[in-house]
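Structure first, then comments.
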């Protein structure tokens, strides 16, 4: 018998797949997005960019930017009833209203 993979991207066939209209490279301007401290953002993972990708369990969650760490942003969000800190680059974040 073979052993199943235990990698970080396991069970993400649908979560980390793009729609046919958005396939291919993402615009380079997504890398230059800026978020102010205290701004609400949603985690929307871009599977085409592997750098600074948060864990798949945070896909679709909304949190607050609390700081910057190099090129990445520090986001505090709730995972269930616990407050978690996620470090993610701008390509995987989207402004939330």
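Computed from the coordinates by the stated procedures, all read-outs in this text should not be read as laboratory data. For clarity, every value in this text was computed on a predicted model and none was experimentally measured. Because the Cβ atoms are built from the backbone with ideal geometry, glycine has one as well, and the counts that use them run over all protein chains shown.
Distance between the pseudo-spin-label points of residue 82 and residue 33 (7 Å out from Cα toward the beta carbon): 2.7 nm.
Rg ratio for region 31-95: its Cα radius of gyration over 2.2 N^0.38 Å, N being its residue count, equals 0.98. Each of 62, 22 has some number of other Cβ atoms within 10 Å of its Cβ, and from fewest to most they run 22, 62.
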